[in-house]
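To start, the structure itself, in structure tokens.
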């Protein structure tokens, strides 16, 4: 049985669409879904509980994704195991594709779906940013930024040893060598991007802050990290432009976002403040 752990903090507006997509065309004994409502003050638990079997709702008082994942593991029943963010959408067929990838080869310990980013409702600068971001090698090949990571039992042992980090999906991706992880082309997840420039910058400040925290921990946990943090280099951007010169404006926007985000993250990094989440609410709109 495939287990799906969904940490959810005040996700009442969006968790229903995820659960409905997971439950369509599936049997009760095929998947096991654990929704861990952590520190919720809205109706997340009620919305999830209304879906019935095979959804189980666990409530904890602490608003902590790391703690929610740990508690979800305690209640999950099977492997492969998926960790799914509450604000994405993935279907049961895509879960099956990820499961097949992990059970089909003992070498593959972790897998993730291809991203679908609906950008039509986003401002032009957000669209320009993501046109470049999606083309970066680390973004195409890594398991992060997808809202879904699936692991085998052996893969689970690898990520369970990681410290609690803001960049939990990036840390999980880096815990596996390239030949141990796979982006499954037949599986897809809809990841809703921020709609406005200010919301994009909030996300990028969070990313810059969490990356700094991860790099600090990598110095102490190098044995459990297969790679260094994949930062975007000038060579990466030059390669994008050589292949598609039409993306020049997008590269300018990308660089501007990087500069603003690094400046915004500086205070939090100096203060070692890795608990402020800077959540983007625009991506949770209907």
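The values are calculated or read from the model by the stated rules, or taken from the named source; none is laboratory data. All values derive from a computational prediction rather than experimental measurement. Neighbour counts are summed over all protein chains in view; Cβ atoms, including those assigned to glycine, are modelled from backbone coordinates with ideal geometry.
If you scan region 145-154, which residues turn out to be more than 16 Å from the chain's Cα centre (by Cα) and touching a residue at least 60 places away in the same chain (Cβ under 8 Å)?
Listed by number, the residues that qualify are 152, 153.
Name the single residue that is surrounded by the most Cβ atoms within 10 Å (Cβ to Cβ) among those in region 234-286 being more than 30 Å from residue 13 (Cα to Cα) and modelled with pLDDT under 90.
Going through the qualifying residues, I end up with 269.
Report yes if some residue within region 108-123 is touching a residue at least 24 places away in the same chain (Cβ under 8 Å), more than 15 Å from the chain's Cα centre (by Cα), assigned to a helix (DSSP H, G or I) and crowded, with 21+ Cβ neighbours inside 10 Å; otherwise report no.
no
Output the residue which, of all residues in region 1-18 that are surrounded by fewer than 20 Cβ atoms within 10 Å (Cβ to Cβ) and touching a strand residue (DSSP E or B) at 6+ places or on another chain (Cβ under 7 Å), is modelled with the highest pLDDT.
17
In this structure, is residue 208 modelled with pLDDT under 95, part of a helix (DSSP H, G or I) and within 23 Å of residue 152 (Cα to Cα)?
In short, no.
When residue 63 is evaluated against the numbered criteria (1) free of Cβ contacts under 8 Å to residues at least 40 places away in the same chain; (2) farther than 20 Å from residue 90 by Cβ, which criterion, by number, is the only one it fails?
Going through (1) free of Cβ contacts under 8 Å to residues at least 40 places away in the same chain; (2) farther than 20 Å from residue 90 by Cβ one by one, residue 63 breaks only (1).
Report, by residue number, each residue of region 146-177 that is surrounded by fewer than 18 Cβ atoms within 10 Å (Cβ to Cβ) and not in a helix (DSSP H, G or I).
Matches in region 146-177: 161, 163, 164, 177.
Return a yes/no flag: does region 33-52 have any residue that is in contact with a helix residue (DSSP H, G or I) (Cβ under 8 Å, 6 or more places away or on another chain), closer than 18 Å to residue 95 by Cβ and surrounded by fewer than 20 Cβ atoms within 10 Å (Cβ to Cβ).
Within region 33-52 (the criterion being in contact with a helix residue (DSSP H, G or I) (Cβ under 8 Å, 6 or more places away or on another chain), closer than 18 Å to residue 95 by Cβ and surrounded by fewer than 20 Cβ atoms within 10 Å (Cβ to Cβ)), the answer is yes, since at least one residue qualifies.
Working carefully through the options 184, 132, 95, find the one that is touching a residue at least 60 places away in the same chain (Cβ under 8 Å), under 26 Å from residue 26 (Cα atoms), part of a helix (DSSP H, G or I) and touching a helix residue (DSSP H, G or I) at 6+ places or on another chain (Cβ under 8 Å).
Every option except 95 fails the conditions.
Can you say whether residue 68 is crowded, with 21+ Cβ neighbours inside 10 Å, more than 30 Å from residue 249 (Cβ to Cβ) and in contact (Cβ under 8 Å) with a residue 24 or more places away in the chain, as far as the supplied structure shows?
Values: crowded, with 21+ Cβ neighbours inside 10 Å: yes; more than 30 Å from residue 249 (Cβ to Cβ): yes; in contact (Cβ under 8 Å) with a residue 24 or more places away in the chain: yes.
Spelling it out, residue 68 is indeed crowded, with 21+ Cβ neighbours inside 10 Å, more than 30 Å from residue 249 (Cβ to Cβ) and in contact (Cβ under 8 Å) with a residue 24 or more places away in the chain.
Being part of a loop (DSSP other than H, G, I, E, B), farther than 24 Å from residue 160 by Cα and touching a residue at least 40 places away in the same chain (Cβ under 8 Å): is that true of residue 42 here?
Answer is no for this residue.
What's the number of the condition residue 73 fails, among (1) in contact with a helix residue (DSSP H, G or I) (Cβ under 9 Å, 6 or more places away or on another chain); (2) surrounded by 22 or more Cβ atoms within 10 Å (Cβ to Cβ); (3) farther than 16 Å from residue 146 by Cβ?
With (1) in contact with a helix residue (DSSP H, G or I) (Cβ under 9 Å, 6 or more places away or on another chain); (2) surrounded by 22 or more Cβ atoms within 10 Å (Cβ to Cβ); (3) farther than 16 Å from residue 146 by Cβ applied to residue 73, the lone miss is (2).
I'm trying to understand the selection: among the residues of region 3-18, which are within 17 Å of residue 189 (Cα to Cα) and touching a helix residue (DSSP H, G or I) at 6+ places or on another chain (Cβ under 6 Å)?
Correct list: 5, 7, 14, 15, 16.
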